[in-house]
1. Among the residues of the stretch B:139-159, write down those that are out of contact with any strand residue (DSSP E or B) (no Cβ under 9 Å at 6 or more places or on another chain) and either surrounded by 17 or more Cβ atoms within 10 Å (Cβ to Cβ) or modelled with pLDDT under 90 (or both).
2. What pairs can you find where one residue is in the stretch B:38-63 and more than 14 Å from every other protein chain (Cβ to nearest Cβ), the other is among the β-branched types (Val, Ile, Thr) and open to solvent by 30 Å² or more (accessible area, probe 1.4 Å), and their Cβ atoms are less than 8 Å apart, with a gap of 6+ or different chains?
3. Within the stretch A:128-149, can you find the residues that are touching a Ser or Thr at 6+ places or on another chain (Cβ under 9 Å), among the hydrophobic types (A, V, I, L, M, F, W, C) and closer than 18 Å to A:Thr68 by Cα?
4. Surrounded by fewer than 17 Cβ atoms within 10 Å (Cβ to Cβ) and either more than 31 Å from the chain's Cα centre (by Cα) or of a type in the set (S, T, N, Q) (or both): is that true of A:Thr24 in this structure?
5. Considering only the stretch A:140-174, state which residues are open to solvent by 40 Å² or more (accessible area, probe 1.4 Å) and either at the interface with another protein chain (Cβ under 10 Å from one of its Cβ atoms) or at positive phi (or both).
6. Here are some conditions: (1) in contact with a helix residue (DSSP H, G or I) (Cβ under 8 Å, 6 or more places away or on another chain); (2) of a type in the set (Gly, Ala, Ser); (3) open to solvent by 20 Å² or more (accessible area, probe 1.4 Å); (4) modelled with pLDDT of 90 or more. A:Ala243 meets all but one. Which one does it not meet?
7. Pull up the stretch B:64-80, narrow it to residues that are without any contact (Cβ under 8 Å) to a residue 40 or more places away in the chain and away from chain A (no Cβ under 14 Å), then point me to the one that is least open to solvent (accessible area, probe 1.4 Å).
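The values are calculated or read from the model by the stated rules, or taken from the named source; none is laboratory data. Note that the structure is predicted; figures quoted are calculated from it, not measured. Here the Cβ positions follow ideal geometry from the backbone for every residue, glycine too, while neighbour counts run over all protein chains shown. For accessibility, only protein heavy atoms count, side chains too; no ligands or nucleic acids. Shrake-Rupley method; radii C 1.70, N 1.55, O 1.52, S 1.80 Å.
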Amino acid sequence: MTGLRSSRSILTILLLAAFGWSLTSVDWREGVLNVQGTPALLEFLAAAVRPVLTPAFLGRAVAALWQTVAYAVAGMTVALLIGAVLGTLASGALAHRRVARFGEVVGARATLGLLRAIHELVWAWLFIAALGLSPITGVLALGVAYGGILGLIFAQHLADAPTAPLRALQAAGARPWQAFLYGRLPLVLPDLVSYALYRFECALRAAAVFSFVGLGGLGAELQLSLRELNYGEVWTLLFLLIALIVAVDWWSGEVRRRMTT
Amino acid sequence: MIEAVRLEEVCRRYPNGAGLHPVSLSIGVGETVAIVGPSGAGKSTLLSLIAGVFPPDTGRVFLHGRLLADLAPGRELARLVGIVHQQFDLVPQLSVHSNVLAGRLGEWGLARSLLSLVVPQDAALAKRALERVGLLDRWNERTSRLSGGEQQRVALARLLVQNPRIILADEPVASLDPARAEDLLALLTGIAAGEGKTLIASLHSVALARRFFNRIVALRAGLVQFDRPAAEVADDDLAEIYALEDHVR
């Protein structure tokens, strides 16, 4: 215990020293904040009450929003497939023999780790290099990165399912995959769905950012309007994104409510 | 007498000193036996050993003349022995009929098990079982919406569908009010009598044991305190058990 505490103090001192040293690299004469930026910031905030609502721009914005939703839905579909298969294997729930289970779990966990370790934007760059700029690139990048995260969470939930109902199924003669279908999966399904819905919300935001790597959608429109310093348009797009997230949040709440009552 | 269950010098010890040390017992086919005794006397351990949940440290368990350790887990064991617990151990998210039909999993392959979640297989069997426990009208309901007493009946229906020759019940009425406890025991003993099954149940209440079972085995600290026909169990014997329970507490 004292060993842990003293090594923690050493770490604290090291981190403080690193922070102090980093201050020497700041050029204090220029000023830390960009003072010229203040009027631009005020102008941006003022535009919040005057979003651009012309039919032509609204049409473009809604089309971009729809494209982003489509990326997110397609990406989540790929992610759910990867997550369901690898997550089930990584939970070790299906193998009876210890050696088979060990191989399955380690293999699936390692694959999930690889998928998850790389951020979706980096996956997007990799897929652009391989496949070029196409919607498939965005969908795959999102699907692969999120599949890794979903698989890990699915595996943890499946492995932590309550054991008493599973033992009762075994006593009734169920084999491991039958116990999985009639016990493990239904026992944790509400949690899995709940987490997948939360991830869908994240996927929407990620899909919006994907536009910045050259894929169309809400992010591309945002970038365009920002470059033209048309803050009114920027706010229209932001409000649409907020409305979308709120709508998805309401919908996932409804789904959760229905699954638990 | 044809033996349904035979325990030969069966031992199972836990680090805290609880368990069974050692117990020998012979139970005939069609007998209804109540295992009574204070908490920690080894009632649950005894039932788990007969159900094959875990093996004994030493000694042998025979079911219908076959050594339990030689029986394959799964279908073979499920046909011989089935158990209901105090915490009925159902899957609350599944429909009532899926929980009941889980008793058939030992007999089904993958395709049939999967299909049954959508289109119930062997539905007639499950309906008969649910009718028997008085819950046929809840066929399609989500199990979590049922009360504790109703869930206990669903667990019993699952056992009826599994149709083992020996029925074990671990504190089946511990979480039920007195009226429902009597109903459930009447149902359980009625099933055993009607179908010539062997019934072994652990109970806290000796009064219920005397009313519903032919034979009472009292355990104390992992040993058999007495073992005799229910009709011959005297009030003095009961006083002894309760006094011991007070002493343990």
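1. B:Leu146, B:Ser147, B:Gly148, B:Gly149, B:Glu150, B:Gln151, B:Arg153, B:Val154, B:Ala157
2. Listed pairs, sorted by first residue: B:Pro38/B:Val248; B:Ser39/B:Val248; B:Gly40/B:Val248.
3. Correct list: A:Ile128, A:Val139.
4. When the stated conditions are applied, A:Thr24 passes them.
5. Scanning the stretch A:140-174 gives A:Pro162, A:Thr163, A:Arg167, A:Gln170.
6. A:Ala243 satisfies every listed condition except (1).
7. The selected residue is B:Leu67.
Here is a yes/no grid of residues against (1) among the aromatic types (Phe, Trp, Tyr); (2) over 23 Å from A:Ala47 (Cα atoms):
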{"site": "A:Ala155", "(1), (2)": "no, yes"}
{"site": "A:Ala172", "(1), (2)": "no, yes"}
{"site": "A:Trp177", "(1), (2)": "yes, yes"}
{"site": "A:Leu187", "(1), (2)": "no, yes"}
{"site": "A:Ala203", "(1), (2)": "no, yes"}
{"site": "A:Leu215", "(1), (2)": "no, yes"}
{"site": "A:Gly219", "(1), (2)": "no, no"}
{"site": "A:Gln223", "(1), (2)": "no, no"}
{"site": "A:Arg258", "(1), (2)": "no, yes"}
